[in-house]
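Below is one structure, written out as structure tokens; the observations come after it.
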Amino acid sequence: SAPGPLLAEVTNAVVQLHRAHYGKGPTRSKSYLLDDVLVCVMGDVFTTVERTLVQAGEHAQVRETRLAFQDAMRDRFAEAVEQVVGRRVLGLTSQVLVEQDVAIEVFVLEPASGEG
């Protein structure tokens with residue numbers, strides 16, 4: 001698996017994108033690399049507006065908006081990860097756990113050179 005500093009750099013890049021485009025970044029984040037799968041788990045991601053909606057029971061609305069945003073940001077997330085890791089992102093998917101205030105980005109990377 002990747003060295004800690006590399007994963008910290010990936011985490012920072014993804015957090016910066018969230019901060020820049022949401023006006024708020026997650027306060028707890030960590031990235032994990034398992035072979036060709038990179039997972040970035042972010043906690044405390046919701047803005048004040050989103051928290052208000054969650055409290056009002058509008059979970060589906062918050063989830064839908066988050067996933068639409070993450071879809072719109074797909075290329076930027078992929079570019080940021082590629083720059084840090086030095087491997088092409090073949091695909092990525094996002095998940096939002098509304099009640100837990102967690103966002104997860106999953107990146108599928110091309111195999112590292114030397115791997116079959």
For region 29-49, which positions are modelled with pLDDT under 95 and of a type in the set (D, E, K, R)? Asp35
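Which residues, taken from region 73-116, are assigned to a strand (DSSP E or B), within 12 Å of the chain's Cα centre (by Cα) and of a type outside the set (Val, Ile, Thr)?
Leu92, Ser94, Gln95, Ala103, Glu105, Phe107, listed by residue number.
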Name every residue in region 1-21 that is within 17 Å of Ala72 (Cβ to Cβ) and open to solvent by 50 Å² or more (accessible area, probe 1.4 Å), in order of residue number. Gln16, Arg19, Ala20, His21
What are the residues in region 60-97 that are crowded, with 16+ Cβ neighbours inside 10 Å, of a type in the set (Val, Ile, Thr) and under 20 Å from Lys30 (Cβ atoms), if any? Val81, Val84, Val85, Val89, Val96
Collect the residues in region 22-40 that are hydrophobic (A, V, I, L, M, F, W, C), under 14 Å from Val81 (Cα atoms) and open to solvent by 10 Å² or more (accessible area, probe 1.4 Å), keeping them in residue-number order. Leu33, Val37, Val39
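The values are calculated or read from the model by the stated rules, or taken from the named source; none is laboratory data. Only a predicted model underlies this, so the values are computations on that prediction, with no experimental measurement involved. Because the Cβ atoms are built from the backbone with ideal geometry, glycine has one as well, and the counts that use them run over all protein chains shown. Only protein heavy atoms, including side chains, enter the accessible area calculation; ligands, DNA and RNA are left aside. Shrake-Rupley method; radii C 1.70, N 1.55, O 1.52, S 1.80 Å.
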